[in-house]
Amino acid sequence: MKAELSPRRQVFLYGLLCVLLIPFVFPTWWMVTSSVKPISDIFAFPPQLMPESYDWTTYAKVFELQPFVKQYWNSAYIAALVTIGTMIVSSMAGYAFARIKFPFANTIFMVVLLGLLIPSEVTIVPLFQMFLKAGMVNTHWPLILVPIFGAPSVFATFVMRQFFIALPAELEEAARVDGLGRFKIFRKIALPLARPALASVAIFTFLHSWNLYLEPIVFLSSADKFTLPQALTQYTDAYGGPMWNIQLAAATLTALPVLLVFIIAQKQFVEGLAHTGLKG
Amino acid sequence: MAEVTLSNVRKSYGAVDIIHGIDLGITDGEFVVLVGPSGCGKSTLLRMVAGLETITGGEVNIGGRVVNDLDPKDRDIAMVFQNYALYPHMTVATNMGFSLEHRGGSRAEIAERVKWAADILGLAPLLDRYPRQLSGGQRQRVAMGRAIVRDPKVFLFDEPLSNLDAKLRVVMRGEIKSLHQRLKTTTIYVTHDQVEAMTMADKIVVLNGGKVEQIGAPLDLYDRPANQFVAGFIGSPSMNFLTGTITTEGFSAPGIMLPLPEVAHEHKDRKAVYGIRPEHFALDENGVPAEIVLVEPMGSETQVTMKLGETLVTGVFRERVSLSPGATIRVRPELGNIHLFAADGGQRLN
């Protein structure tokens, strides 16, 4: 039974939560409001929490200065392909590690997990050389293939394996008695039941791909191939200085789909966090 | 329907033997219960028949066909699991028709079979629900429906009632029994509950440590247990045992001399175990003294824990007698219902 809080304690707790909220909400607030401020107002002192004048032309300039729609599309389709690919690979690999008895399964899984310990910065140069030889530099293939078969997929495989391990073995046995083979058991029984885990994998993979920064700047060189995080750095003036308000307008537009997805799928997101055992 | 024969069936995990060569014949339409304490190998044996466990040695034969190397789906069996194993993402109807769907049944045929099974089990109003929306008893019925819908040769039940409360267990026990009487499908049923075994089985197989202790009809096992293990396992409250020596005067147990039937004297001077069921004590002025320790009135009978010499035993009396702890009563073991077992090995002597 929940203990009732006294009104005074409730006020105190809500007040504390409001204070704690500031570091989380302020950057987003600053990004959105600054995107419509004239550049001189962004650094005004004291800081303006609300813009004194609204300059909406910054949003138009985002599209004028860069092929932003194309870059938006690049990010979107790469993230979608990576998400789908990772879901397929990680669910099958996770199922195999959890359910199929094969020699050295646990050792192989440990070796796979070790992939998580290698920072992407370490592998980026060899990967670049590999993709250069394959003629894939300045294409989107490295941004699609590396996450699907790299560290993000390893993490997703781990999440899926933990889920499949917890699935009652009797369900699978009942399916075997009912006449299903291994792959059908996976597709008809295990996979539909793994929806919460798959949702968390999808959310994390999408976010990871959407926010990917290092790989695009290494692999891509033409503006029409850029993804959004990379494109954000391109809003500079003639002297190479950042055009803050336009950059923040682009950043707002970049964050928008993620914010929308988060608001719509808040429940799954939180459940996903619980699934992965991460704190975000 | 089919006969099931197990010939010298063995199961080992590495060097550890779990099942030590079991021979068992189950006739067509028979309801056989495998019973035994936890870890005796009964579920493993059932899973070997189902094809969910490999067979280390011997032969499993279903309907005249050796099935050792066949997949579960090719054995023409249906299994009801302890935790029901209903597919949580499917409705009751889909759960029940799932196996038929994967065996290429037409939609009309599947719907007809599901309806037939649902009618038998009273599931018709629940067909569109999901397992999470059902009570324990309803889930159990759906699991049974899933089994009968395919009309398999053999039903396998793996402790299907252990997740239910005591009252529902009694109801479901009756339902399974009447379902068997109606369908007459060969059934192998695993339980650790000897009451379930007694009330449901045509034939009971008592297992212990991966070996068969005794096979027989419920009352045969109750009346003439082959050894002390079966005697103690079958019956509730369980049989009382007193260790001592067979003498010409009777059975000499610590602190008391108990009467013996004439036939027992051929084992004179032998160390033995004297077994008597709680209901086979009669209140008798000429009986042996027993000090009452605990009285438990059950309504229909009174269960009394008492001291016979130095051994605590349980007696069950149908009569409404006034008994109180600390008092001494006189009880007479019914001579026709005394069981004698060898002190070494526990084999039946009389």
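The values are calculated or read from the model by the stated rules, or taken from the named source; none is laboratory data. Fair warning: this is a prediction, and the values are worked out from it, not measured in the lab. With ideal geometry, Cβ positions are generated from the backbone for all residues, glycine too; neighbour counts draw on all protein chains shown.
Here are some notes:
- When restricted to residues that are hydrophobic (A, V, I, L, M, F, W, C), within 14 Å of chain A (Cβ to nearest Cβ) and touching a strand residue (DSSP E or B) at 6+ places or on another chain (Cβ under 7 Å), segment B:55-113 contains 7.
- Members of segment B:124-145 found to be in contact with a Leu (Cβ under 9 Å, 6 or more places away or on another chain) and more than 14 Å from chain A (Cβ to nearest Cβ), listed by number: B:126, B:133, B:134, B:135, B:136, B:137, B:138, B:141
- Residue in segment A:207-214 that is over 30 Å from residue A:96 (Cα atoms), modelled with pLDDT of 90 or more, more than 14 Å from chain B (Cβ to nearest Cβ) and in a helix (DSSP H, G or I) present: yes
- Residues of segment B:297-350 classified as outside any strand (DSSP E or B) and either modelled with pLDDT of 95 or more or surrounded by 13 or more Cβ atoms within 10 Å (Cβ to Cβ) (or both), total: 10
- Selection within segment B:26-54 - within 19 Å of residue B:10 (Cβ to Cβ) and more than 14 Å from every other protein chain (Cβ to nearest Cβ): B:26, B:34, B:36, B:39, B:40, B:41, B:42, B:45
- Verdict on residue A:102 being free of Cβ contacts under 8 Å to residues at least 12 places away in the same chain, closer than 30 Å to residue A:162 by Cα and either part of a loop (DSSP other than H, G, I, E, B) or of a type in the set (A, V, I, L, M, F, W, C) (or both): yes
- Test: residue B:64 is surrounded by fewer than 19 Cβ atoms within 10 Å (Cβ to Cβ) and at pLDDT below 95: yes
- Residue check: residue A:200 meets all listed conditions (1) surrounded by fewer than 22 Cβ atoms within 10 Å (Cβ to Cβ); (2) in contact with a helix residue (DSSP H, G or I) (Cβ under 7 Å, 6 or more places away or on another chain); (3) modelled with pLDDT under 90 but one, namely (1).
- Of the residues making up segment A:1-42, those that are surrounded by 11 or more Cβ atoms within 10 Å (Cβ to Cβ) and either touching a Pro at 6+ places or on another chain (Cβ under 9 Å) or outside any helix (DSSP H, G or I) (or both) are A:5, A:30, A:33, A:34, A:35, A:36, A:37, A:38, A:41.
- When the helices (runs of 4 or more DSSP H) confined to segment A:114-184 are screened for residues that are within 14 Å of chain B (Cβ to nearest Cβ) and touching a residue at least 12 places away in the same chain (Cβ under 8 Å), those reaching at least 1 such residues are found at A:151-166, A:169-177.
- Look at (1) surrounded by fewer than 15 Cβ atoms within 10 Å (Cβ to Cβ); (2) free of Cβ contacts under 8 Å to residues at least 24 places away in the same chain and you find that residue B:103 fails only one, number (2).
- From the list B:3, B:59, B:30, the lone residue that is surrounded by fewer than 17 Cβ atoms within 10 Å (Cβ to Cβ) and within 28 Å of the chain's Cα centre (by Cα) is B:59.
- First in segment B:186-198 and part of a strand (DSSP E or B), second anywhere and basic (Lys, Arg), Cβ under 9 Å, 6 or more apart: B:186/B:153; B:190/B:42; B:191/B:42
- Count of segment B:13-27 residues, restricted to those that are buried (at least 19 other Cβ atoms within 10 Å of the Cβ) and either under 18 Å from residue B:154 (Cβ atoms) or not assigned by TED's automatic domain parsing to the domain that holds residue B:186 (or both), is 3.
- Residue A:198 among the hydrophobic types (A, V, I, L, M, F, W, C) and within 12 Å of another protein chain (Cβ to nearest Cβ): no
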